[in-house]
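None of the figures in this text is laboratory data; all of them are computed from the coordinates on show. Keep in mind that this is a model prediction, so the values were computed, not measured. Cβ coordinates were reconstructed from backbone atoms using ideal geometry, including for glycine residues, and neighbour counts include every protein chain displayed.
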Amino acid sequence: MKIVSKAKLLRGAIARGCVVMPGAFNAATARLIERCGFSAVYISGAGLANATAGVPDIGLLTLSEVSQLAGYIADAVSIPALADADTGFGGAENVARTVRTFERIGLAGMHLEDQEFPKRCGHLTGKTLVPVDEMSQKLRAAVSARRDKDFLIVARTDARAVEGLDSAVQRAKAYLEAGADAIFPEALQSAGEFRNFARKVRAPLMANMTEFGKSPFRPSASAGGS
């Protein structure tokens, strides 16, 4: 019997439509998410930092710490898990190592952001961005490093709050050219902005909706559960 990788399962779910991924900060919450019928789980970088380590979401956790915690989550559930890789824990070489590590612990994918280090939570003010070329170099390193072609590389751009929506669109297009599989336009501020972005960026899109965030909550028919 052929075993389908969790990365392939996640890609299949995305191909079929909207995938709702509740955030987990430990294995117990991930199991609850799976029991409620969701088809994937999101491993929140803020959740790991805040709930597990008691520190703010500014990139304080190391690759070793994140991979250990994320590995517990990935191993505890049968559904795919996508993890927050912040800024990749360093330069392009560090990003490549992150991909190989995340694959090894059983994650289905990760997202990488274009903030300068130290990063900030995407829905807070005071963010700064790296140049497009620097982020593109990281993405190319990520794509080249993966051994499973289905491992999902999501490029997150925080440009909406720093440079405006048009810049976010242009950055997204550059990141797709660099090899990203999907785009995470962080902190879009209305349903209209999501529609506008989706018309201009022809790729799977990720949205982050929190109780304190700038993005409005949107219902989904595929939310899972009963």
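Pulled fully out, how much extra length does the chain show between Leu60 and Ser5, if you take 0.36 nm times their separation in residues and subtract their Cα-Cα distance?
Working it through step by step, the gained length comes to 16.7 nm.
Determine, at each q value in 0.12, 0.26 (inverse angstroms), the log₁₀ of I(q)/I(0) that the Debye formula gives when each Cα of the range 44-126 is one equal point scatterer.
Cα-only, vacuum Debye calculation for the range 44-126: -0.32, -1.40.
Take the Cβ-Cβ distance between Arg16 and Lys200 as r, set R0 to 22 Å, and report the resulting FRET efficiency rounded to the nearest 0.05.
With R0 = 22 Å, the Cβ-Cβ based efficiency is 0.40.
Relative to the Cα centre, what is the charge dipole magnitude of the chain, using +1 at the beta carbon of each Lys and Arg, -1 at the beta carbon of each Asp and Glu, and rounding to the nearest 20 debye?
Dipole of the chain, to the nearest 20 debye: 780 debye.
Please compute the contact order of the range 1-69 in relative form: average sequence separation of alpha-carbon pairs under 8 Å and at least six residues apart, divided by the residue count, as a percent.
25 percent
I need the P(r) histogram for the range 17-83: all alpha carbon pairs, bin width 10 Å from 0 out to the longest distance, whole percents.
24, 53, 22, 2
Which three extents, in angstrom, do the Cα atoms of the range 140-200 have along their principal axes, listed largest first?
Projected onto the principal axes, the Cα atoms of the range 140-200 cover 37, 19, 17 Å.
Based on the mean of other Cβ atoms within 10 Å per residue, sort peptides 49-58, 149-158, 91-100 so the most packed one is first.
With the highest mean Cβ count within 10 Å placed first, the list reads 149-158, 91-100, 49-58.
Per DSSP H run of n ≥ 4, the term is -39500 (n - 2.57); total these for the chain, divide by its residue number, and report the mean residue ellipticity at 222 nm rounded to 500 deg cm²/dmol.
Value at 222 nm, helices only, nearest 500: -12000 deg cm²/dmol.
Which number gives the lysine pairs in the range 6-200 that have C-alpha atoms under 20 Å apart and are eight or more places apart or on different chains?
Eligible lysine pairs with Cα atoms under 20 Å apart amount to 8.
Please work out the Cα center distance from the range 9-39 to the range 111-152, rounded to the nearest Å.
23 Å
Among Ile14, Leu61, Met135, pick out the residue whose Cα is farthest towards the positive end of the charge dipole of the chain, where Lys and Arg carry +1 and Asp and Glu carry -1 on C-beta, about the Cα centre.
The residue sitting most towards the positive pole is Ile14.
In 10 Å bins starting at 0, how do the alpha-carbon pair distances of the chain split up by percent?
Values per bin, smallest distances first: 8, 36, 41, 15, 1, 0.
Where both partners of a DSSP beta bridge lie in the chain, what percent of those bridges are antiparallel, to the nearest 5?
If we restrict to bridges inside the chain, about 5 percent are antiparallel.
How high is the relative contact order of the chain, given as a whole-number percent (alpha carbon pairs under 8 Å, six or more residues apart)?
Result for the chain is 18 percent.
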